Amino acid sequence: MKGEAWLFTGVALFFAVTGSVYAAFAPDPAGIAALAVSGLMSALIAAYVWWGFARIGPRPEDRRDARVREVGGTRKFFPARSYFPVLAAAGTALLGLGVVQGLWLFLIGVGVLIPGVYGFAFQYADREG
């Protein structure tokens, strides 16, 4: 995970430097906002990956002398079936339609999206691994 953390840290620094230079020379607020949001989002991912690296520790992929057999076997848990991603996608679609059509549809989308995201995130929260 250390390689991924450095990658997203570099992307965040790139957007920070590019956004600063762009803000100094261009009066366009949309470009400044786009670069700022891109930098913040990549910094958020970098912080999460660094946190994961600190929590889990180095993986065999992080070492240069690692062998292929060290990473063999079961690595992660992938659920067989879940309807929560479909519920979250439907809620997101209703949110988008609600922005265009009206507040009533937006609120229905919020009501569909919240249980979908909650179930999607915490369906297997009690599972170790």
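The values are calculated or read from the model by the stated rules, or taken from the named source; none is laboratory data. The structure presented is a predicted model; accordingly, all values stated were derived computationally and were not measured. Cβ atoms come from the backbone with ideal geometry, glycine included; neighbour counts cover every protein chain shown.
Structural remarks
- Top-ranked residue in segment 1-49 [being touching a Gly at 6+ places or on another chain (Cβ under 7 Å) and under 26 Å from residue 59 (Cα atoms); ranked as surrounded by the most Cβ atoms within 10 Å (Cβ to Cβ)]: 12
- Remark: pairs (first residue in segment 100-125, surrounded by fewer than 15 Cβ atoms within 10 Å (Cβ to Cβ); second residue aliphatic (A, V, I, L, M); Cβ separation under 7 Å; 6+ apart in sequence or on different chains) = 110/95; 115/87.
- Which listed residue is at pLDDT below 95, surrounded by 14 or more Cβ atoms within 10 Å (Cβ to Cβ) and of a type outside the set (A, V, I, L, M, F, W, C), from 59, 67, 81: 59
- Selection within segment 32-76 - within 19 Å of the chain's Cα centre (by Cα) and β-branched (Val, Ile, Thr): 37, 45, 49, 56
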